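Reading through the structure tokens given below for one structure.
The values are calculated or read from the model by the stated rules, or taken from the named source; none is laboratory data. This is a predicted model, so every value here is computed, not measured. Reconstructed Cβ throughout: ideal geometry from the backbone, glycine too, with neighbour counts over all protein chains shown. What goes into the accessible areas is simple: the full protein's heavy atoms, side chains included, and nothing from ligands, DNA or RNA. Shrake-Rupley method; radii C 1.70, N 1.55, O 1.52, S 1.80 Å.
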Amino acid sequence: MARLTSALGRTPGPYDPPPAARELTATSADGARLHVEIHGEETDPAVVLIHGWTCSTRFWGAVIRELTQTGHRVIAYDQRGHGRTPGTDPHAYSPATLADDLCAVLDAALKPGERAVLGGHSMGAMTLIAAAGRPVLEQRAAALMLCNTGAHRLVASARVIPLRSERARERAQRFLLHSGLPLGPVSPLTKRAMKYGTMGPDATPEQVLVVARIVHACRPRERGAWGRVLSKLDIAANARELGVPTAVISGAADRLTPPALAREIADALPQCTGLHELPRRGHMTPVETPSMVSGVLRELVRDHLTDAAPERAGIPAQQGTGKQGAAGETKTGTKAKSGAGKSGTGTKSGTKRKSQQPESRTEKKEETP
């Protein structure tokens, strides 16, 4: 992406990914070839990032920059039919296809026996849920991050189309998911629509432009094909089979996958290390608040993947899950099933959540259990 922006005559910005240290191609179970990028030093702990519907590795640009600058190796790949990964027969697209592709990338990009922290956004998080129970995931995943996602009833839950009639809203939202019509060039009108439908009220014009360019670059045929998969997605039962520590992030202003879907997933997880509900953030939190997302990933690396010095990962040595977040941002409370996760996460048989304090605050008032 950095090479592309230079070729287009503009300097790479903070939301553009840095040049990859190397690139490779992973081959999935059905022969599909997946574009994979590796950023950072080979000796650093690994974080694998999986983007969502209509996006590409470019979506993770700011997060990749923050992670590589704090001593992490980042592996990102283009999902099938997105970015530099070609599409295949859309009739074969399914949650299982997403899981197959993920497993292929893990085997191709990680060293023999190596484990990583895996983070997915939207359809990327659904990919992780779909892969629950796969031996490759169990062997390779030290911890997971599920960001702005849901596991079922996506059309019924979404609030992208502002119609009062629930039936009319669902029909309109299903049409939006299924549509293979070209989006055309990015314009002031499409940027306003993009911000309303996918981002929170505090998203900056630069962030909106970044997201609009990425989404508009998705091939219409692939957008519609994967949208049809999402419209009938039901993998809620899989969340109970994710047997590794898992953090969940949601945006309070997310219209595509509202926070209620994240809460359902957090309740189902055997080892939920925390449910982070970000006020005034929409569906695109890795772009809207990259420091928060990279901070959660760094904590998962520190707590579940490596004994490396916390200072190298950019986290104070005394910080634990449920404390102050990255870059001065505060985190929500944590929730874990009895006996699950590390000490310091809090143990409760039910679910406890706290609203995040405004991001200008640097400390959070803890509730008494």
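Numbers at a glance
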{"quantity": "Checklist (1) open to solvent by 20 Å² or more (accessible area, probe 1.4 Å); (2) within 27 Å of Ala62 (Cβ to Cβ); (3) among the polar types (S, T, N, Q) applied to Asn148, failing item", "calculated": "(1)"}
{"quantity": "Selection from segment 192-202 of residues that are out of contact with any Gly (no Cβ under 6 Å at 6 or more places or on another chain) and either in a loop (DSSP other than H, G, I, E, B) or surrounded by fewer than 18 Cβ atoms within 10 Å (Cβ to Cβ) (or both)", "calculated": "Arg192, Ala193, Tyr196, Pro201, Asp202"}
{"quantity": "Residue check for Val244: at pLDDT 95 or above, part of a helix (DSSP H, G or I) and out of contact with any Gly (no Cβ under 6 Å at 6 or more places or on another chain)", "calculated": "no"}
{"quantity": "Every pair of residues 6+ apart whose Cβ atoms lie under 6 Å, when the first sits in segment 29-42 and is more than 16 Å from Leu118 (Cα to Cα) and touching a residue at least 60 places away in the same chain (Cβ under 8 Å) while the second is in a loop (DSSP other than H, G, I, E, B) and of a type outside the set (S, T, N, Q)", "calculated": "Ala32/Arg80"}
{"quantity": "Every residue from segment 249-282 that is closer than 19 Å to Val63 by Cα and open to solvent by 10 Å² or more (accessible area, probe 1.4 Å)", "calculated": "Glu277, Arg281"}
{"quantity": "Selection within segment 68-119 - more than 22 Å from Tyr15 (Cβ to Cβ) and among the aromatic types (Phe, Trp, Tyr)", "calculated": "Tyr93"}
{"quantity": "Residue match in segment 151-160 (condition: touching a residue at least 60 places away in the same chain (Cβ under 8 Å), crowded, with 23+ Cβ neighbours inside 10 Å and of a type in the set (S, T, N, Q))", "calculated": "no"}
{"quantity": "Cross-chain or 6+ apart pairs with Cβ under 9 Å, segment 75-104 first and open to solvent by less than 40 Å² (accessible area, probe 1.4 Å), then part of a loop (DSSP other than H, G, I, E, B) and of a type in the set (Phe, Trp, Tyr)", "calculated": "Gln79/Trp53; Arg80/Tyr93; Gly81/Tyr93; His82/Trp53; Gly87/Tyr93"}
{"quantity": "Residue in segment 289-301 that is open to solvent by 10 Å² or more (accessible area, probe 1.4 Å), in contact (Cβ under 8 Å) with a residue 40 or more places away in the chain and touching a Lys or Arg at 6+ places or on another chain (Cβ under 6 Å) present", "calculated": "no"}
{"quantity": "Which listed residue is under 19 Å from the mean Cα position of the chain (by Cα) and farther than 16 Å from Ala125 by Cβ, from Ile235, Ile214", "calculated": "Ile214"}
{"quantity": "Set Gly133, Gly180: member being touching a Lys or Arg at 6+ places or on another chain (Cβ under 8 Å) and part of a loop (DSSP other than H, G, I, E, B)", "calculated": "Gly180"}
{"quantity": "Subset of segment 247-284 [in a loop (DSSP other than H, G, I, E, B) and either over 22 Å from Ala193 (Cβ atoms) or not hydrophobic (A, V, I, L, M, F, W, C) (or both)]", "calculated": "Asp254, Arg255, Thr257, Pro258, Leu269, Pro270, Gln271, Pro279, Arg280, Arg281, Gly282, His283"}
